[in-house]
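Since the structure comes first, as structure tokens, the remarks are kept for the end.
The values are calculated or read from the model by the stated rules, or taken from the named source; none is laboratory data. Because the structure is predicted, anything quoted here is derived from the model rather than measured. Cβ placement follows ideal geometry from the backbone for every residue including glycine, while neighbour counts extend to all protein chains displayed. The accessibility values were calculated without ligands, DNA or RNA, using every heavy atom of the protein model including side chains. Shrake-Rupley method; radii C 1.70, N 1.55, O 1.52, S 1.80 Å.
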Amino acid sequence: MSRFKRPPFAAPAAGFPATEADMRQLFDWWCDDGERAGEGDAVRPSDRQEYIRSLGGTPTAIKSRSPLQNDPAPPLNQPAPQGVRDVFLLSNPEHIRRALTDHDNFSNIPYAALGGAAFLLAMDPPKAGAGGVDWHAEQAQLVGAAFKQYTEHDLHRLARVSVEQAALTGLARSDFDLAEFAEQAALRYMGTLFGYGFQDHPLLEEASRTTYRALQYLAVGQHFVTEPGTLAAAQQTLGRLIARTSQLVDEYDNLSRSKRLHGWKPGRDWPTGVLPWSELGLTDPPGPVLKRLPKMTSPLSGRDRAAIAATVVAGTLGNIQSAVCLLVREWLHGPADELEAARGFNDADLEKAIEHRLAQLPPVPVLPRRTVKSVWLDLFHIPADTDCLLLLEGHLFCPNAHQADAGTRVWGGVAAGSAKQAMHACLGRNLSKHLVAALVRHTLQLKGVQPALDPLTGRVLKIERLWGFACTRYPLRYERERVRVQQNLIVSMRIKTPISDNAQRLRRLIAAGVPRIEHALNGWGHVHFAWFEFSDDDTRLVLRTIYDGPFESYLQHFALQAGDLFDQLFEYLEGAPPRPVAEHPQAFVETLRRYNLAPLAGYLYSAHPRMEAPQRRGGSTP
């Protein structure tokens, strides 16, 4: 069974899209992701890929709903321009090459709507003979110099630590969201590398989410959907992050001259909330980026440096998130022998395999450019000041992504030992590749990892993607009990009125039933700790336990072995299940599931995560 019946793709007629209805049809195709093996009745390519193939490499105008001019509020004596705007799709590799390299005719300026004219992504190299400072090159050089000080060992180590930290909450349950897990690992990786404190985590999270959405909106979303507040929200959070970044740079610089005399000794020359790198097994120097930023040789101002650091952090995280989801999906739904091989790859082989797959499935498959002048692409004319969307999916019309000579490639990594750069080389690639590899390895090696199932249809749940590209959710599940056997139960139920009288009855009942409870717990053999308590001024009864094994098996045992005791307790509690409990074990399980509270952030510490209760009784070590 499927939730929707999707009609097969039919190639559009000449002149498509010409109307608002046509654009809605195109957006439907654009957002379709096809079916991988195991995801549906049959493997099929996405309608987006089918549509792009139908273009045959021909520049094609679509009817964008993005504004017709920069200022949406013209003078009162001029009518506001309305209607649609032509935007061109470029899928031919030669056309894409030209758009990326012909800086006299094509510009990066669409990105300025997010970060202004000084935004690294929005800047163009200076025109030939223009003279002056090449600020685009200066920014790129600062970013490159900031990263090249780190050894492969340190980046590998930081990647592993970041994944382990994210797993504490991201993998706390058998069902988990890979997109969220990857996002949290990326936040901790970039936060540590740049030198932010733990208290900056919420700001980094908010800035990365709003910035990535805004970047996707500029590249794709604005042509199909209407979100007037998306860019403004990103600008506000980026502004806060830039201000915080500048503050931290100043604090690092001040501490380099005047160390604290008191407090935790390893942290005396580190800003409050920042864990010293020595505590993570990392080399210091070079130390975090923000610590070195003011001392780096560059004509860029302190404000410029803080803005570059903040935008690199905020703009990179979403790409890491999408890359990990796309890679894991390809391996989980690919041939079993390739999956097993990937699980056993060493670091170098895994990174090589990732590089190859991302050449076909780039996390940023669309780049916006704008014509500076009237341009001809073969026999096709594109007017000046027209946005073009460069479609980079390597498995369509860009086989050159696999060429060994980086200088001839439209995009992708740089060949080992080559001094050439791809035409669209990602500045954050070398920075993020170790984290992507660590996340992919950790996920693929989880015991029994597989896509989660739709509870309504029983079908595999697929990646959820924003406007057809950015990966925002990927539900997976694994055999958590093989990694961490202990689980918590925190059931909180309100006491019936009269509350005071019933609380006294419950107190006496539990005291009298202690031997019975002890017998039931010992009989099950998989409970580490268990107790009852009152909370909220004795208005609620709380049952807390730490136990091994599946939730349902644990509770069904007590429904059958101690049902009469729970029958008595439920007499005085609101929201009780049908009784007798022993005759309605599943209703008992569902009631406790409904009132079960998760620990904050899903975090449960255990010094012995793999030790079962019988081992603890026998004095075994984990």
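Report, ordered by the first and then the second residue, all pairs with beta carbons closer than 6 Å, sequence separation of six or more or different chains, a first member in segment 475-488 that is among the hydrophobic types (A, V, I, L, M, F, W, C), and a second member that is part of a helix (DSSP H, G or I).
Taking only residues 6 or more apart or on different chains, the pairs are L476/L178.
Tally up the residues in segment 339-396 that are in a strand (DSSP E or B), in contact with a Leu (Cβ under 7 Å, 6 or more places away or on another chain) and of a type in the set (V, I, T), please.
The first filter runs over segment 339-396 and keeps only residues in a strand (DSSP E or B), leaving 366-371, 375-377, 380-382, 387-391.
Now narrow it down to the ones that are in contact with a Leu (Cβ under 7 Å, 6 or more places away or on another chain): 366-369, 388-391.
Of the ones still in play, those that are also of a type in the set (V, I, T) are 366.
Of the residues in segment 339-396, 1 are in a strand (DSSP E or B), in contact with a Leu (Cβ under 7 Å, 6 or more places away or on another chain) and of a type in the set (V, I, T).
Tell me, which helices (runs of 4 or more DSSP H) lie completely within segment 121-236 with 3 or more residues that are open to solvent by less than 40 Å² (accessible area, probe 1.4 Å) and either within 30 Å of K462 (Cα to Cα) or touching a Ser or Thr at 6+ places or on another chain (Cβ under 7 Å) (or both)? Let's see the steps before the verdict.
Values: elements: 135-147, 152-170, 178-194, 201-219.
Helices (runs of 4 or more DSSP H) meeting the threshold: 152-170, 178-194, 201-219.
Let me spell it out: the conditions are (1) in contact with an Asp or Glu (Cβ under 7 Å, 6 or more places away or on another chain); (2) among the β-branched types (V, I, T); (3) within 28 Å of D304 (Cα to Cα), and V87 meets all of them except one. Which number is the exception?
Every condition holds for V87 apart from (3).
When you check E39 against the structure, is it in a loop (DSSP other than H, G, I, E, B), of a type in the set (D, E, K, R), within 31 Å of the chain's Cα centre (by Cα) and surrounded by 15 or more Cβ atoms within 10 Å (Cβ to Cβ), yes or no?
So E39 passes the test.
When residues of segment 447-483 are filtered for being within 13 Å of the chain's Cα centre (by Cα) and either of a type in the set (D, E) or surrounded by fewer than 17 Cβ atoms within 10 Å (Cβ to Cβ) (or both), how many remain?
Final tally of qualifying residues: 2.
Regarding L326, is this residue open to solvent by less than 20 Å² (accessible area, probe 1.4 Å), in a helix (DSSP H, G or I) and touching a strand residue (DSSP E or B) at 6+ places or on another chain (Cβ under 7 Å)?
Details: open to solvent by less than 20 Å² (accessible area, probe 1.4 Å): yes; in a helix (DSSP H, G or I): yes; touching a strand residue (DSSP E or B) at 6+ places or on another chain (Cβ under 7 Å): yes.
Yes.
Looking at the structure I just gave you, is L293 touching a Lys or Arg at 6+ places or on another chain (Cβ under 8 Å) and either free of Cβ contacts under 8 Å to residues at least 24 places away in the same chain or open to solvent by less than 30 Å² (accessible area, probe 1.4 Å) (or both)? Reasoning before the result, please.
Working: touching a Lys or Arg at 6+ places or on another chain (Cβ under 8 Å): yes; either free of Cβ contacts under 8 Å to residues at least 24 places away in the same chain or open to solvent by less than 30 Å² (accessible area, probe 1.4 Å) (or both): yes.
In short, yes.
Go through (1) open to solvent by less than 40 Å² (accessible area, probe 1.4 Å); (2) within 43 Å of the chain's Cα centre (by Cα); (3) more than 19 Å from N502 (Cβ to Cβ) for H584 and report which single condition fails.
Among (1) open to solvent by less than 40 Å² (accessible area, probe 1.4 Å); (2) within 43 Å of the chain's Cα centre (by Cα); (3) more than 19 Å from N502 (Cβ to Cβ), the lone unmet condition for H584 is (1).
State all residues of segment 600-612 that are surrounded by 12 or more Cβ atoms within 10 Å (Cβ to Cβ) and either aromatic (F, W, Y) or within 22 Å of W524 (Cβ to Cβ) (or both); if no residue qualifies, say none.
Quick first cut of segment 600-612, residues surrounded by 12 or more Cβ atoms within 10 Å (Cβ to Cβ) only: 602, 604, 606, 608-612.
Once the filter is applied, which keeps residues that are surrounded by 12 or more Cβ atoms within 10 Å (Cβ to Cβ) and either aromatic (F, W, Y) or within 22 Å of W524 (Cβ to Cβ) (or both), segment 600-612 yields L604, S606, H608, P609, R610, M611, E612.
W524 versus (1) under 17 Å from D567 (Cα atoms); (2) surrounded by 15 or more Cβ atoms within 10 Å (Cβ to Cβ): which is the lone unmet condition?
(1)
Given (1) in contact (Cβ under 8 Å) with a residue 40 or more places away in the chain; (2) outside any loop (DSSP other than H, G, I, E, B); (3) open to solvent by less than 30 Å² (accessible area, probe 1.4 Å), where does D22 come up short, assuming only one miss?
Of the numbered conditions (1) in contact (Cβ under 8 Å) with a residue 40 or more places away in the chain; (2) outside any loop (DSSP other than H, G, I, E, B); (3) open to solvent by less than 30 Å² (accessible area, probe 1.4 Å), the odd one out for D22 is (3).
Given the criterion touching a Pro at 6+ places or on another chain (Cβ under 8 Å) and farther than 23 Å from R303 by Cβ, identify the matching residue among H95, H153, H136. Walk me through how you get there before you give the answer.
Working: H153 fails: touching a Pro at 6+ places or on another chain (Cβ under 8 Å); H136 fails: farther than 23 Å from R303 by Cβ.
Going through H95, H153, H136 in turn, the sole match is H95.
Determine, yes or no, whether T237 is over 25 Å from H156 (Cα atoms), of a type in the set (S, T, N, Q) and in contact with a Leu (Cβ under 9 Å, 6 or more places away or on another chain). So that I can check it myself, show each step before the final result.
On the way: over 25 Å from H156 (Cα atoms): yes; of a type in the set (S, T, N, Q): yes; in contact with a Leu (Cβ under 9 Å, 6 or more places away or on another chain): yes.
The answer is yes for T237.
Scan (1) open to solvent by less than 20 Å² (accessible area, probe 1.4 Å); (2) touching an Asp or Glu at 6+ places or on another chain (Cβ under 7 Å) for the single condition H333 breaks and write down its number.
Here H333 meets the rest and fails (1).
Picking from T443, T371, T408, T386, which residue would you name as being of a type in the set (S, T, Y) and at pLDDT below 90? Please lay out each step first, then the result.
Numbers: T443 fails: at pLDDT below 90; T371 fails: at pLDDT below 90; T386 fails: at pLDDT below 90.
Only one candidate qualifies: T408.
If D567 passes every condition in (1) charged (D, E, K, R); (2) touching a strand residue (DSSP E or B) at 6+ places or on another chain (Cβ under 8 Å); (3) within 17 Å of A512 (Cα to Cα) but one, which one does it miss?
Status for D567: all satisfied but (2).
If G273 satisfies every condition in (1) surrounded by 24 or more Cβ atoms within 10 Å (Cβ to Cβ); (2) at pLDDT below 95; (3) under 28 Å from the mean Cα position of the chain (by Cα) but one, which is the exception?
(1)
So which residues in segment 524-557 are among the aromatic types (F, W, Y) and out of contact with any Leu (no Cβ under 9 Å at 6 or more places or on another chain), if there are any at all? Walk me through how you get there before you give the answer.
First, the residues of segment 524-557 that are among the aromatic types (F, W, Y): 524, 529, 531-532, 534, 547, 551, 554.
Answer for segment 524-557, where residues must be among the aromatic types (F, W, Y) and out of contact with any Leu (no Cβ under 9 Å at 6 or more places or on another chain): W524, F529.
Only one of (1) in contact with a strand residue (DSSP E or B) (Cβ under 7 Å, 6 or more places away or on another chain); (2) at pLDDT below 85; (3) open to solvent by 60 Å² or more (accessible area, probe 1.4 Å) is not met by Q615, so which one is it?
Q615 satisfies every listed condition except (1).
Among what's in segment 244-297 and is part of a loop (DSSP other than H, G, I, E, B) and among the basic types (K, R), pick the residue that is farthest from A145 (Cα to Cα).
That would be R260.
Return the residue satisfying two criteria in turn: it lies in segment 106-120 and is in contact (Cβ under 8 Å) with a residue 40 or more places away in the chain and among the small types (G, A, S), and of such residues it is surrounded by the fewest Cβ atoms within 10 Å (Cβ to Cβ). Quick ask: steps written out before the conclusion?
To start, the set of residues in segment 106-120 that are in contact (Cβ under 8 Å) with a residue 40 or more places away in the chain comprises 106-111, 113-115, 118-120.
If we keep only those that are among the small types (G, A, S) as well, we get 107, 113, 115, 118.
Details: S107: 19, A113: 20, G115: 25, A118: 16.
Top of the filtered list is A118.
Out of R540, R544, report the one residue that is buried (at least 16 other Cβ atoms within 10 Å of the Cβ) and out of contact with any Cys (no Cβ under 7 Å at 6 or more places or on another chain). Explain how you work it out, then say what you get.
Values: R544 fails: buried (at least 16 other Cβ atoms within 10 Å of the Cβ).
Selected residue: R540, the only one of R540, R544 that is buried (at least 16 other Cβ atoms within 10 Å of the Cβ) and out of contact with any Cys (no Cβ under 7 Å at 6 or more places or on another chain).
Are there any pairs with C-beta distances below 7 angstrom linking a residue in segment 83-96 that is at positive phi and touching a residue at least 40 places away in the same chain (Cβ under 8 Å) to a residue that is surrounded by fewer than 19 Cβ atoms within 10 Å (Cβ to Cβ) and not aromatic (F, W, Y), with the two at least 6 apart or on different chains, and if so which?
Listed by first residue and then by second, the contacts come to nothing, as the list is empty.
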